[in-house]
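See below for the structure under consideration.
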Amino acid sequence: MMKKLGWSALALIVSTTPVLAADAIMEAPAVPPEVVETTPVFSWAGGYIGLHGGYAWGEGDFYDGVVSATDDFDGGRFGGFVGYNWGFGSDAIVGLEADLNYDWNENSYGAVDVGAGLNGSVRGRVGYAMDRVLLYAAGGWTATNFKVEGGGFDESETLHGWTLGAGFDYAVTDRIFTRLEYRYNDYFEKEILGVDTQFNQHVINVGLGVKF
């Protein structure tokens, strides 16, 4: 009788061992999924504002009906800009920008000072973004104040024209960017004190801006 009980107990232990082993394998804790970190993509979309300064090489053509003359009007400049960019896909940028500046493009002829001063523009922009670098071209309307003062003269006129240029912005941080750009300003002819006056400029700007 004891032998039968011993063999029965042994048989029961052997028969339940695989079940216990299988249960042990099935109840093992699952390995947590690996966390993959993603780098945020920089975007040029949104509003911005900034300051810039540079140099303008101006040229004036004058004709009084008898004599014609041409002279250079070169000097420094300082101003500010504000704009907004819209992003299309991951690379294309379209925007609008306005600026207001003062140019020291003035010559003195004896007691008479002639030249351009306060000016501004409104331009459309198209660009291509390469992460933190934005290459762009811009063009639109521009206007400048042209004056003749001294020697009994005191006349100031607004010359309207068009502007076209290109440049690039570089984002130093997620909000602050630097700028380098070239533009050409061509103002339409206008009569000032009986003299047909035409003025154009080549401009280099270096700027610092803040994105909203």
Next item on the list: Note down the net charge around Thr144, summing +1 for each Lys or Arg and -1 for each Asp or Glu among other residues with Cβ under 14 Å from its Cβ.
Entry: -3
Next item on the list: Please list 177-190, 77-90 highest first by mean number of surrounding beta-carbon atoms within 10 Å per residue.
Entry: 177-190, 77-90
Item checked: Counted charge near Ser121, where neighbours are those whose Cβ lies closer than 11 Å (Asp, Glu -1; Lys, Arg +1) -> 0
Margin query: What is the sum of charges, Lys and Arg at +1 and Asp and Glu at -1, for the other residues whose Cβ falls under 11 Å from the Cβ of Ser156?
Written below: -3
Check: Does segment 100-212 come out rounded, prolate or oblate, given a ≥ b ≥ c as the square roots of the eigenvalues of its C-alpha gyration tensor, rounded meaning a/c under 1.5 and, failing that, prolate meaning a/b above b/c?
Finding: prolate
Notebook entry, point to check: Expressed in nm to one decimal, what extension gain is obtained for the pair Phe168 and Asn145 from 0.36 nm per residue of sequence separation less their Cα-Cα distance?
Noted result: 5.5 nm
Next item on the list: Grab the beta carbon distance between Leu180 and Ser90, set R0 = 30 Å, and tell me the FRET efficiency rounded to 0.05.
Entry: 0.80
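Which peptide among 93-106, 163-176 comes first, and what is the full order, when sorted by highest mean count of other Cβ atoms within 10 Å? Intermediate values should be presented prior to the final figure.
Details: 93-106: 18.5, 163-176: 15.7.
Ranked by mean Cβ neighbours within 10 Å, highest first: 93-106, 163-176.
Computed from the coordinates by the stated procedures, all read-outs in this text should not be read as laboratory data. As the structure is a prediction and not an experimental result, all values here were calculated from the model. Note that each Cβ is placed from the backbone with ideal geometry, even for glycine, and that neighbours are counted across all protein chains shown.
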